[in-house]
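**Q** Dropping a structure here in C-alpha cells format, bear with me for questions.
The values are calculated or read from the model by the stated rules, or taken from the named source; none is laboratory data. Keep in mind that what you see is a predicted model, and the values were worked out from it rather than measured. Positions of Cβ are backbone-derived with ideal geometry, glycine not excepted, and every protein chain shown enters the neighbour counts.
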Ligand SMILES: Nc1ncnc2c1ncn2[C@@H]1O[C@H](COP(=O)(O)OP(=O)(O)OP(=O)(O)O)[C@@H](O)[C@H]1O
C-alpha cells in the first residue's frame, strides 16, 4: 500500500527522545513500508500530506502532537487518503477524542486492525480546525498558555513570568455582551466570559469540555455559562480537566451546524490555539471531511483488557463497525 509517514520529531515533552527509528521499525514489523518525511518549523505537515494525497497515497500516518495532526488533517481534507495517527504529543487530545491509544504498539495495532470512518472538521471564518473554537477569555489567555508550555520546555523563569502575566489578564478580563445565533435562529443576548464551539470532546490542557461531542455527528457543541462569576468559570474548567461537567443552572450546551457570534466590544477568537482575530465570527461544521483510521469496539476491549492507562471516551459505539479494516 502506498503510505507516507509524517513525523514531528519535536512533539511531546522536552525530554522525549526522537522515536523516528522505533516508529519506522515498528511499522515495518507490521508489514507497513512507509515513505518517511519529517516536519520542520516552516513545514507543519499540511503540504506533505496534501502532496501524498495528490500522488495517490492510500494512507498518511502522522506521528506527532495535536498541532501536527491538525496540519496533516487539513492537507487530507476531502480526499480518499486515510489518516492514521500515532500520538506523540504532550496532550494528545485528538487521539483521545478518537479513542486512539497513546501506547505506540497499540496505535500501530489500530492502523493494522482498525477501521476507517469519516469525521467532521470545523471552519471558523476561513480557517479549518479539528478540536475547538474559543471566543473570549480563553483566546485572550492562549498566548500566555503557549509561553508557559514553551517555557517549561526551555526556561522555567520565563514560564513563571508568563504564568503571572496570564493571571493578571484573567483578573482584568470583564464579562462581554454577546449575541449567539444557532443555525440562523436568534438567541437572547448573553453576558459571558467565554463561549466554546467544540468538534471534539477534548482539547487544550486535556479539557473535556464537551464530553458528549461526537466528531462524526455533523454538529458542533456550543458550551457557555451565561452571566458567570470568575469563580464559576474557574470551577467549570477545573471540572472539565477532570472530565466532569459543572452542575450550574446557567451552564448551557447546544448543538448546531452553524454558529454566528457577535459581541460588544469585540472578543478575541482562537481555533485549536491559533489566534484568528476578533468577533464577529461564523463557525460551521464540515461534515465527513476526513477519513481516519480508528479502533473498532473489539480492539477497544482488547486495549482495555491490556490495562493501559489511557482513558477511553465512549465514542466506540459511534465508530464504524460496518467498514472494512485497512489492509497493509
Ligand atoms: N523539526 C521541527 N523542529 C522544531 N519545531 C518543529 C519541527 N516540526 C514541527 N515543529 C513545531 O512543532 C509544533 C507542533 O507540535 P505538536 O503540536 O505536534 O506537539 P506538542 O505541542 O508537543 O503536542 P500537543 O499539541 O498534543 O500538546 C509546531 O509549532 C511546529 O512549528
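**Q** Looking at 150, 70, which is the one that is within 13 Å of the ligand (Cβ to nearest atom), free of Cβ contacts under 8 Å to residues at least 12 places away in the same chain and within 21 Å of residue 11 (Cβ to Cβ)?
**A** On the way: 70 fails: free of Cβ contacts under 8 Å to residues at least 12 places away in the same chain.
Selected residue: 150, the only one of 150, 70 that is within 13 Å of the ligand (Cβ to nearest atom), free of Cβ contacts under 8 Å to residues at least 12 places away in the same chain and within 21 Å of residue 11 (Cβ to Cβ).
**Q** Here's another thing I want to ask about it. Run residue 15 past the list (1) within 16 Å of the ligand (Cβ to nearest atom); (2) farther than 22 Å from residue 203 by Cα; (3) in a helix (DSSP H, G or I) and report the number of the one that doesn't hold.
**A** (3)
**Q** Pick out the one residue from 134, 89 that is within 14 Å of the chain's Cα centre (by Cα), within 16 Å of the ligand (Cβ to nearest atom) and at pLDDT below 95. Spell out how you get there, then give the answer.
**A** Values: 134 fails: at pLDDT below 95.
Exactly one residue qualifies, and that residue is 89.
**Q** How many residues are within 12 Å of the ligand (Cβ to nearest atom) and either over 19 Å from the mean Cα position of the chain (by Cα) or over 17 Å from residue 296 (Cα atoms) (or both) when one looks only at region 95-115?
**A** 0
**Q** For residues in region 49-67 being surrounded by fewer than 23 Cβ atoms within 10 Å (Cβ to Cβ) and in a helix (DSSP H, G or I), which is nearest to the chain's Cα centre (by Cα)?
**A** 67
**Q** Taking the condition of being away from the ligand (no atom under 13 Å from the Cβ) and part of a helix (DSSP H, G or I), how many residues in region 18-38 meet it?
**A** Residues flagged as away from the ligand (no atom under 13 Å from the Cβ) and part of a helix (DSSP H, G or I) within region 18-38 amount to 9.
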